[in-house]
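Take a look at the structure below.
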């Protein structure tokens with residue numbers, strides 16, 4: 001029932017999906033809605049895995065149309081990392097990388113936060129009672145090396161505040177840094 005509720009939630013916000021290569025028994029879904037200017041990849045089944053987290057989790061990443069490989073790659077490596085460590089992601093956390101996560105870009109990490117293009121109601125899947133949390137959707141926003149450094153130096157809230165006022169498309173992995 002839980003996976004069905006998550007799949008229905010995805011369908012409501014993102015439309016129909018196609019399965020891409022799984023990570024073990026977990027599904028990776030590809031959403032390419034006609035009416036949106038972004039594509040999304042998301043896990044389905046991570047919420048059933050035995051990991052340490054406040055609530056069961058699924059991982060989501062959206063990018064501008066045409067950058068599909070970036071979103072799939074980020075979801076895939078995040079799912080693998082969570083399964084290896086046995087620990088879920090934490091909201092408003094930065095996951096840095098020593099080098100570019102995506103070849104040919106300045107993306108050196110991700111910010112786990114609310115989805116930048118969907119309302120807050122997207123972030124949590126509730127059971128029919130409207131109270132019980134079925135899964136928390138952990139959205140990964142690609143960030144640059146300078147943005148990672150700012151979060152480390154001045155805190156994640158400083159980075160989030162800067163991203164909130166910046167006039168950039170956070171879903172574009174080729175964007176310039178806001179720092």
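Readers should treat all values here as calculations from the given coordinates under stated rules, not as data from a laboratory. Because the structure is predicted, anything quoted here is derived from the model rather than measured. Cβ coordinates were reconstructed from backbone atoms using ideal geometry, including for glycine residues, and neighbour counts include every protein chain displayed.
Principal-axis analysis of the Cα atoms of the chain puts helix 156-165 at an angle of about 80° to the longest axis.
Taking the C-alpha atoms only, the angle from helix 2-14 to the longest principal axis of the chain is near 50 degrees.
Report the full-extension gain for the segment residue 3 to residue 21: residue separation times 0.36 nm, less the Cα-Cα distance, to one decimal in nm.
Numbers: separation 18, 0.36 × 18 = 6.48 nm, distance 1.79 nm.
4.7 nm is the gain from fully extending residue 3 to residue 21.
Classification of the stretch 86-169 by its C-alpha gyration tensor yields a prolate form. The axis ratio a/c (a ≥ b ≥ c) is 1.5 or more, and a/b outweighs b/c. Put simply, the convex hull of the Cα atoms in the stretch 2-165 casts, on average, a shadow of 9.7 nm².
Extending 7 Å from Cα along the Cβ direction at residue 68 and again at residue 50 yields two label points whose distance is 3.6 nm. Centre-to-centre, using Cα atoms only, the stretch 1-43 and the stretch 103-161 are separated by 18 Å. Structure remark: mean-square fluctuation, Gaussian network model of the chain, C-alpha springs under 10 Å; the largest value among 51, 28, 77 belongs to 77.
What percent do you get for the relative contact order of the stretch 2-165 when only Cα pairs under 8 Å and 6+ apart count? Provide the component values of the computation, followed by the final result.
On the way: 299 pairs, mean separation 31.3, N = 164.
Computed over the stretch 2-165, the figure is 19 percent.
For the pair residue 98 and residue 164, what calculated FRET efficiency results from E = 1/(1 + (r/R0)^6), where r is the Cβ-Cβ distance and R0 = 35 Å, to the nearest 0.05? Taking R0 as 35 Å, the efficiency between residue 164 and residue 98 is 0.80.
When the helices in the chain are scored as -39500 (n - 2.57) per DSSP H run of 4 or longer and the sum is shared across all residues, what 222 nm value do you end up with, to the nearest 500 deg cm²/dmol?
Numbers: 4 runs with 51 residues, N = 179.
The per-residue figure over the chain is -9000 deg cm²/dmol.
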